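Please read the structure below before turning to the comments.
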Amino acid sequence: MDLHLKNKTVLVTGGSSGLGISISTVLAQEGANVALNYVANPNAKTVAEELQKTYGVRTLAVYADVSKEDEVQKMFDEIEAELGQVDSTVNNAAVVANPKCEDLTLDEFQRCAAINLQGTFLVSRETVRRLKKRRSPGSIVNISSQAALRGSQSGKTAYDMTKAGILGFTRSLALEVAADGIRVNAVLPGIMHTKIIAQFIEAEPEKFNKRSPLGRIAQTNEIAGVTVFLVSDCASYMTGATVDVSGGMAMH
């Protein structure tokens, strides 16, 4: 299926690692030019260069802390200068605060909220402003989590709250900008096999596999495929939607 993404410019926050790199890869496979936002990944530029070389698209590794207004604006300026105007955005950047509520410090809570919620807001706002300025349609996809609906028993109350907030923001923004031809949707991933949790999965694979009705942990490319579909014109009549890709964990 042709997703009609060739020569489109897509920004992926947190795009050089974990789920982000899978999303960036699928976008490049579909012919999109990809801006891979990063903060701490020293290999971000290498990742971008490899995608460019492999798929013949233009890529850019662009630094920005998405919780900071000035850095978000500068990021968009850099992307426009190198790749052209942003057509779509995937808000994937996120951090996890692990302590249970009673042990969670205010600094930990605020950092989680700043990246996951404030960052999603700032990047979305800049995307909308620039799309509307040039009267162009576009797409925003926000990465939430099945935990937004189900919660966690392992001490991730701050993370779960921010991911639930993303769902409310997605619906509200979708209503705001629908008349401008801008679509806003959200994805609910389940447990994914990423480097961050790989050691825990490998130590107790049965425990993790049992949490999913499908009996296994997702590969990031499975989430990425759905995300890129929502970015594309093949999802042209979808907005304000929450798409469950949790292997049946959320059943939403």
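For Val26, are the conditions met, namely being crowded, with 17+ Cβ neighbours inside 10 Å, within 17 Å of the chain's Cα centre (by Cα), over 26 Å from Asn221 (Cα atoms) and touching a residue at least 40 places away in the same chain (Cβ under 8 Å)? Break it down into steps so the answer makes sense when it comes.
On the way: crowded, with 17+ Cβ neighbours inside 10 Å: yes; within 17 Å of the chain's Cα centre (by Cα): yes; over 26 Å from Asn221 (Cα atoms): no; touching a residue at least 40 places away in the same chain (Cβ under 8 Å): yes.
So Val26 does not fit the description; no.
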| said: For the range 139-151, check the following and say yes or no: at least one residue is surrounded by fewer than 19 Cβ atoms within 10 Å (Cβ to Cβ), of a type in the set (S, T, N, Q) and assigned to a loop (DSSP other than H, G, I, E, B). | reply: no
| query | Which residues, counting only those in the range 74-120, are surrounded by 19 or more Cβ atoms within 10 Å (Cβ to Cβ) and of a type in the set (Phe, Trp, Tyr)? | reply | Phe76
| remark: If we ask which residues in the range 39-63 are buried (at least 17 other Cβ atoms within 10 Å of the Cβ) and either touching a strand residue (DSSP E or B) at 6+ places or on another chain (Cβ under 6 Å) or charged (D, E, K, R) (or both), their number turns out to be 10
| said: Tell me yes or no: at least one residue of the range 41-55 is among the small types (Gly, Ala, Ser), in contact (Cβ under 8 Å) with a residue 12 or more places away in the chain and in contact with an Asp or Glu (Cβ under 9 Å, 6 or more places away or on another chain). | reply: no
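Laboratory data are not the source of any read-out in this text; all were calculated from the coordinates shown. Source: prediction; values computed, not measured. Methodologically, a virtual Cβ is constructed for each residue, glycine included, from the backbone with ideal geometry; neighbour enumeration extends over all protein chains shown.
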